[in-house]
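**Q** Please see the structure below; I have some questions.
Bear in mind these aren't lab numbers, they're just calculated from the coordinates by the rules spelled out. This structure is a prediction, so every number in the text was calculated from the model and none was measured. Cβ placement follows ideal geometry from the backbone for every residue including glycine, while neighbour counts extend to all protein chains displayed.
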DNA sequence: CGTATGACGAGCC
DNA sequence: AGGCTCGCCATAC
């Protein structure tokens, strides 16, 4: 392989790969995706990468929310409704404040908190 | 090429 | 406990 430049996939491609690794019914945050993609601290770049996605993309962009567990799109935006519907369609529940419980749905799972496993025991 | 902006995050009060 | 501001850097014009 040609040394020097990007021996690996492009940054966006790495971001898309990380996002694609999120299973259905789980969510991740921009910051975590950034860290997993090799650019810790650059959460905004992840948001930008998803913004660049095309409508026909198979990347589960809707499984990415901000560190507060909220959809980062404008609540009155069309994208917000789409993302929320897709998440609820996968079983992700929203708080009365439109917040997702990251302790239950965050991917990769966190220890010390019960997960939303299919067994329904928590 | 410089200014403005944005699908974020952490700190400050 | 929560709203506001700054910093980060690629993209748009």
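**Q** If you scan the range A:6-24, which residues turn out to be away from DNA strand C (no atom under 11 Å from the Cβ) and surrounded by fewer than 17 Cβ atoms within 10 Å (Cβ to Cβ)?
**A** Selection gives A:6, A:7, A:8, A:9, A:13, A:17, A:20, A:21, A:23, A:24.
**Q** I want to confirm something. Restricting to the range A:50-101 and keeping residues that are without any contact (Cβ under 8 Å) to a residue 40 or more places away in the chain, more than 19 Å from residue A:23 (Cα to Cα) and under 15 Å from the mean Cα position of the chain (by Cα), which single residue is farthest from DNA strand B (Cβ to nearest atom)?
**A** Result: A:99.
**Q** What residue, among those in the range A:45-66 that are in contact with a helix residue (DSSP H, G or I) (Cβ under 6 Å, 6 or more places away or on another chain) and within 12 Å of residue A:12 (Cα to Cα), is farthest from DNA strand C (Cβ to nearest atom)?
**A** A:59
**Q** Something else: For the range A:29-91, please list each of the helices (runs of 4 or more DSSP H) lying entirely inside it that holds at least 1 residues being loosely packed, with under 13 Cβ neighbours inside 10 Å.
**A** Working: elements: A:30-36, A:43-51, A:78-89.
The qualifying helices (runs of 4 or more DSSP H) are A:43-51, A:78-89.
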